[in-house]
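Working notes, structure below.
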Amino acid sequence: AQTIHQWPVAEIKAVGSPLSLGCTIKGKSSPNLYWYWQATGGTLQQLFYSITVGQVESVVQLNLSASRPKDDQFILSTEKLLLSHSGFYLCAWSLWGASAETLYFGSGTRLTVL
Amino acid sequence: GDSVTQTEGLVTLTEGLPVMLNCTYQSTYSPFLFWYVQHLNEAPKLLLKSFTDNKRPEHQGFHATLHKSSSSFHLQKSSAQLSDSALYYCALSSSGSWQLIFGSGTQLTVMP
């Protein structure tokens with residue numbers, strides 16, 4: 001069975017500090033990977049997707065970056081956090097192309113920027 | 001561009017009553033529609049997705065029918081249960097797209 005693990009579970013960070021969030025998928029080779037962001041009380045906004053190692057596509061610009069250093073790992077980061085970065089970050093994977101495929105979400109990281 | 005509209009932010013009803021959550025969409029190409037459910041402090045999970053052959057998907061008593069003529073994919077259930085209380089998102093993906101677009105969500109609260 002496939003499992004998706006996100007870390008950390010929660011973070012409290014200062015404005016201007018760096019951030020790194022991670023996601024690992026086990027039990028599935030070459031998954032499609034995604035980062036989503038959910039502001040408090042807001043909808044789910046897709047940030048990035050990756051089809052293969054080393055390739056990441058940006059969907060929306062939020063002064064964040066993403067990388068896929070290994071087949072099963074997806075990293076979200078920034079060098080300088082803003083207050084607006086607060087929210088719930090979700091990693092997800094899908095089996096094939098995104099169009100008709102189910103997304104499987106991790107349990108998320110809750111980020112508070114002070 | 002593609003978009004999803006969920007008109008109700010909050011729906012409160014009594015256990016046993018029927019549920020209908022609205023979802024309409026705009027899509028440039030052939031759309032795939034989904035309903036995801038998110039219980040408190042949990043990750044979203046797929047509830048239903050549309051079929052290409054117009055079959056009606058059903059899961060846990062919920063069903064939804066894709067009506068291309070009215071660009072709608074409303075979620076329905078004949079009798080609400082307390083455990084149905086959750087946040088429901090309608091989502092859209094267009095054929096060939098890598099983007100899944102979510103609506104603003106509808107918080108369903110079922111009271112005893």
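For B:Thr7 and A:Leu62, what is the calculated FRET efficiency with R₀ set at 30 Å and r taken between the beta-carbons, to the nearest 0.05?
So, using R0 = 30 Å, E works out to roughly 0.65.
Of the trypsin sites (Lys or Arg not before Pro) in the stretch A:1-92, which ones lie in a loop per DSSP and count no more than 14 other C-beta atoms within 10 Å?
For trypsin sites (Lys or Arg not before Pro) across the stretch A:1-92 that sit outside H, G, I, E and B with at most 14 neighbouring Cβ atoms in 10 Å, the list reads A:Lys80.
Calculate the spin-label point distance for A:Val53 paired with A:Glu79, positioning each point 7 Å from the Cα along the beta-carbon direction, and give it in nanometres.
It is 2.7 nm.
From Cα coordinates alone, what are the radius of gyration and Dmax values for the stretch B:21-112 in angstrom?
In order Rg, Dmax, the Cα atoms of the stretch B:21-112 give 13.1, 44 Å.
Where nothing but the Cβ of Lys and Arg (+1) and of Asp and Glu (-1) is charged, how large is the charge dipole of the stretch B:3-111 around its Cα centre, in debye to the nearest 20?
Here the size comes out at about 280 debye.
Convex hull over the Cα atoms of the stretch B:62-112, averaged projected area in nm²?
Directional mean of the projected Cα hull area for the stretch B:62-112 stands at 4.5 nm².
Thinking of the protein assembly as shown as a set of Cα atoms, what percent of all their pairs are more than 23 Å apart?
That tail contains 49 percent of the Cα-Cα pairs.
Give me the number: length gained by fully extending A:Asp71 to A:His5, i.e. 0.36 nm times residue separation minus the C-alpha to C-alpha distance, one decimal in nm. Could the numbers behind the result be given before it?
On the way: separation 66, 0.36 × 66 = 23.76 nm, distance 1.41 nm.
Between A:Asp71 and A:His5, full extension yields an extra 22.3 nm.
For the stretch A:43-56, what does the Karplus curve 6.51 cos²θ - 1.76 cosθ + 1.60, with θ = phi - 60°, yield as ³J(HN,Hα) per residue in whole Hz, taken in order and with x for Gly and Pro?
Values, residue by residue: 8, 8, 10, 6, 9, 9, 9, 9, 9, 8, 4, x, 10, 9 Hz.
Across the Cα atoms of the stretch A:1-58, what radius of gyration and what greatest pairwise Cα-Cα distance (Dmax) are found, in Å?
Considering the stretch A:1-58 through its Cα atoms, Rg and Dmax are 13.4, 39 Å.
Would you list the P(r) distribution for the stretch A:3-113, with all Cα-Cα distances sorted into 5 Å bins from 0 and each bin expressed as a whole %?
2, 13, 25, 27, 19, 10, 4, 1
Looking at the stretch A:23-114, which GluC sites (Glu not before Pro) are in a loop (DSSP not H, G, I, E or B) and have at most 13 other Cβ atoms within 10 Å?
Working: sites: A:Glu57, A:Glu79, A:Glu101; in loops: A:Glu79, A:Glu101.
Hits after loop and neighbour filter: A:Glu79.
Which value, in Å² and to the nearest 10, is the accessible area of B:Trp98 when all protein chains are kept and the probe is 1.4 Å?
70
Cα-based Rg of the stretch B:2-45 per 2.2 N^0.38 Å, rounded to two decimals? The partial results should precede the final answer.
Working: Rg = 13.4 Å, N = 44, 2.2 N^0.38 = 9.3 Å.
Rounded to two decimals, the normalised Rg is 1.44.
The values are calculated or read from the model by the stated rules, or taken from the named source; none is laboratory data. What you see is a predicted model, and the numbers here were worked out from it, not measured in a lab. Positions of Cβ are generated from backbone atoms using ideal geometry, with glycine treated the same way; all protein chains shown enter the neighbour counts. Heads up: the accessible areas ignore ligands, DNA and RNA and are worked out on the full protein's heavy atoms, side chains in. Shrake-Rupley method; radii C 1.70, N 1.55, O 1.52, S 1.80 Å.
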